[in-house]
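Accompanying notes for the structure given below.
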Amino acid sequence: MKSHGNCNTGLSLKCGGIMGSFSIWHWIFLLVFIGVITWIIAASRKLGPDGKLELRGIRGWLVVLAIWQIFVTIKTLGRAAQMSKEYEAIAHIPGARIAINFETAITLALVTLTIVTTVALFRKKHAFKRLFFLQWLAPTLAFALDAAVVSAALQVPIERMLTAPVILQLVINLAINGLWVWYLSVSVRVKNTMVN
């Protein structure tokens, strides 16, 4: 909700997009990260008593999902902390208090859902698959609801919030997490692991 040129910040008013170009260090970090993930998947293979691959426990692709889930949790907490600072700068604007309270409630709900989903993953709860599905849909639904409330409270045209970078970020997040939702629905390892 704080203006930066043609962009706004806030839950629904985030400026997205790729920040600059990748330097050689970014590529090195990306390749090391992919290498570590590949090594974790390969090293986590465990044979059962019959000599066959045992598909149980947080191993294989489920390790990658666990790392992804930790990253999402940290990112969500960081975004919530950043937004609380931004709100102080715009609290004097008419109608901002309604928008701030609404965004705060939505942010707290998203943070809670993310933490509960992460705990369910590591406690191997059967409910993890449903919680992850909710975590997949919740940001998009929250964005739509928040955009409507912010638009009404601040008298900002909704088109200003629906910029190309914001929509692109939503689509990318839906696609990436959609692949994980698909994985959770077909994985034998997930079925054998999430049993508590």
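Here are some notes:
- Fully extending the segment from F122 to I28 would add 30.9 nm, taking 0.36 nm per residue of separation and subtracting the current Cα-Cα distance.
- Spin-label pair F71/Y183, simplified geometry with 7 Å Cα→Cβ offset, distance in nm: 1.0
- All alpha carbon pair distances within the range 83-196 were sorted into 10 Å bins beginning at 0; the resulting P(r) in whole percents reads 13, 34, 29, 16, 7, 0.
- Heavy atoms of I67: accessible area, 1.4 Å probe, square angstrom to 10: 60
- Amide H contacts of R56 (H built 1.01 Å from N, in plane; Pro and chain starts excluded): no residue 5 or more places away or on another chain comes under 5 Å.
- Each label was represented as a point 7 Å from its Cα along the Cα-to-Cβ direction; for R79 and I167 these points are 1.9 nm apart.
- √(5λ) per eigenvalue of the Cα gyration tensor, the range 85-138, largest first, Å: 32, 10, 6
- Each residue of the range 171-182 was assigned a 3J(HN,Hα) from its phi angle through the Karplus curve 6.51 cos²θ - 1.76 cosθ + 1.60 (θ = phi - 60°); the sequence is 5, 4, 4, 4, 5, 5, 5, x, 5, 5, 4, 4 Hz, with glycine and proline shown as x.
The values are calculated or read from the model by the stated rules, or taken from the named source; none is laboratory data. Source: prediction; values computed, not measured. We place every Cβ from the backbone using ideal geometry, glycine too, and count neighbours over all the protein chains shown. Heavy atoms of the whole protein, side chains included, go into the accessibility calculation; ligands, DNA and RNA do not. Shrake-Rupley method; radii C 1.70, N 1.55, O 1.52, S 1.80 Å.
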